[in-house]
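Right, one structure below, let's go through it.
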Amino acid sequence: MKAFAYVNPTSERDAVAAMTKREGVTILPMAGGQDLLARMKDYITTPDRLVNLKGALDGSVVAAPDGGLKIGSAMKIADLAEHAQVAKLYPAVARAAIEIGTPQLRNQGTVGGNVNQRPRCWYFRNEEFVCFKKGGSRCFATTGENQYHAIFGNNGPSHIVHPSSLAVPFVAYGATFRLMSPRGERIVPAAEYFTLPTNRNVLKENVLEDDEVLTHVILPAPGNVKTGHYEVRYKQSHDWPLAFATVVLTLNGNTISSGRVVLGAVAPTPWRSRPAEAALAGKPLNESTAVQVAEAAVAEARPMSGNAYKVQITKTAIKRAIMQIANG
Ligand SMILES: Cc1cc2nc3c(=O)[nH]c(=O)nc-3n(C[C@H](O)[C@H](O)[C@H](O)COP(=O)(O)OP(=O)(O)OC[C@H]3O[C@@H](n4cnc5c(N)ncnc54)[C@H](O)[C@@H]3O)c2cc1C
Ligand code: SF4
């Protein structure tokens with residue numbers, strides 16, 4: 001691992017000050033270190049300076065004035081998974097948290113680190129493959145091994161799937177993110193935080209500036225909604241999902257007034273499926289609707305050479321998430 005300086009601030013103010021840009025110095029924030037340290041050991045990421053956020057940023061959940069919740073980004077995933085108010089108001093967030101990795105990962109990993117973890121594409125994770133995402137001039141996945149890559153939003157130049165399980169319910173519930181930098185605070189809707197790759201921004205997966213940190217996730221009052229969340233994975237533990245769905249429905253009796261369908265592990269961002277949402281509105285909450293919605297969602301799928309199997313899995317995840325709601 002390349003040698004680096006280590007800063008250990010004890011307040012948000014000091015952490016933000018420590019992120020101030022310096023000519024020729026790469027500064028990165030570190031939370032649980034589960035993703036970042038692994039990348040550093042593999043020489044994928046080589047910062048000059050690490051700013052430890054664990055003792056500096058808020059790691060608690062407090063009630064927001066509108067009846068929602070404000071989650072500190074330094075909160076451990078395990079604590080989020082076990083938080084009674086989170087489970088009551090935002091069951092898909094609790095469900096996603098419980099299913100992440102292993103107990104060890106959940107005890108060390110944080111909300112902020114989970115949302116900002118980098119892609120798992122094996123070419124990206126291997127020092128020898130200098131692809132678009134590392135400043136190179138090609139994507140090795142297009143003609144190579146792409147079985148875990150995107151089936152939506154596949155315009156390139158990168159074809160990653162976003163790795164965060166928490167990001168998907170955050171988008172589905174309409175969360176906003178509070179970001180802090182030496183220039184001050186800004187609030188960004190979760191749905192606008194994550195970015196599809198383009199030639200201009202392929203090195204990043206979100207709008208976070210180099211000197212910014214995510215301090216809080218703010219979930220609005222959920223209102224009278226019902227939620228389903230279903231993940232499909234090879235292994236029940238120790239791995240990321242192959243495809244998953246968070247569905248948030250507003251119901252009038254047994255009729256769906258409106259809904260949000262957000263898909264994970266199938267696109268470079270949490271993927272809000274507008275065709276699925278259009279297919280939900282005004283329909284009865286039953287299995288036939290669940291099947292139609294799942295079909296509508298995958299109509300816009302564009303699989304790569306090795307991942308067409310994900311289309312069926314995505315349909316299954318959507319259908320089962322909707323049926324969780326139908327079955328109470
Ligand atoms: C075997 C295995 C299985 C896994 N399964 C899953 C899974 O199913 N679902 C899932 O979502 N994840 C999964 N993970 C990933 C794991 O959840 C993440 O690595 C972990 O959540 C990262 O959190 P951290 O606090 O350790 O982040 P760190 O490693 O400290 O940071 C991750 C990145 O985010 C940046 N960062 C950290 N905090 C902030 C902040 N507050 N503001 C701005 N940037 C920040 C860092 O600079 C770094 O680039 C798995 C990991 C492993 C090893
Ligand atoms: S999918 Fe993205 S990260 Fe993977 S090889 Fe292609 S450009 Fe690199």
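Derivation of every value follows stated rules applied to the coordinates shown; laboratory data play no part. Here the structure is a predicted model, which is why all the values come from computation and not from measurement. Here the Cβ positions follow ideal geometry from the backbone for every residue, glycine too, while neighbour counts run over all protein chains shown.
Things worth noting here:
- Grouping the Cα pair distances of region 93-227 into 5 Å bins from zero gives a pair-distance distribution of 2, 9, 17, 19, 18, 17, 11, 4, 1, 0, 0 percent in increasing distance order.
- Projected onto planes of every orientation and averaged, the convex hull of the alpha-carbon atoms in region 95-146 covers 4.9 nm².
- Nearest 10 degrees, 0 to 90: helix 309-326 Cα axis against the chain principal axis: 70
- Gain upon complete extension [Asn8, Ala63; 0.36 nm per residue less C-alpha separation]: 17.0 nm
- Taking the charge dipole of the chain about its Cα centre, with +1 at Lys and Arg Cβ atoms and -1 at Asp and Glu Cβ atoms, the residue from Phe132, Gln147, Ala281 reaching farthest to the positive side is Gln147.
- Translational diffusion of region 234-276, µm² s⁻¹ [Kirkwood Rh, Cα pairs; Stokes-Einstein; 20 °C; 1.002 mPa s]: 178
- Computed over the chain, relative contact order equals 17 percent, with contacts defined as Cα pairs under 8 Å that lie 6+ residues apart.
- For region 1-148, the Stokes-Einstein estimate of translational diffusion at 37 °C and a viscosity of 0.692 mPa s comes to 191 µm²/s, using the Kirkwood hydrodynamic radius over alpha-carbon pairs.
- Region 167-316 - Rg and Dmax from Cα coordinates, angstrom: 16.9, 52
- Whichever aspartates and glutamates have a C-alpha closer than 15 Å to that of Lys134, once near sequence neighbours (fewer than 8 apart) are set aside: Asp42, Glu205
- Acute angle (nearest 10 degrees) that the helix 287-298 long axis makes with the longest principal axis of the chain, alpha-carbon atoms: 40
- Cα-based convex hull volume of region 50-94 per residue, rounded to whole Å³: 79
- ³J(HN,Hα), Karplus 6.51/-1.76/1.60, whole Hz, each residue of region 105-117, x for Gly, Pro: 5, 5, 6, 9, x, 10, 4, x, x, 5, 5, 9, 4
- Residues whose placed amide H lies under 5 Å from that of His216, excluding near-sequence neighbours: Ser73, Arg178
- In a reduced charge model with +1 at each Lys and Arg Cβ and -1 at each Asp and Glu Cβ, the chain shows a dipole moment near 360 debye about its Cα centre.
- The separation of region 231-246 from region 103-181, counted between C-alpha centres, amounts to 15 Å.
- Projecting the Cα positions of Asn327, Pro241, His229 onto the charge dipole of region 210-328 (unit charges on Cβ atoms of Lys, Arg, Asp and Glu, taken about the Cα centre) puts Asn327 furthest along the positive direction.
- Normalised Debye scattering of the chain at q = 0.11, 0.13 Å⁻¹ gives log10 I(q)/I(0) of -0.69, -0.96, counting only Cα atoms as equal scatterers and leaving out solvent.
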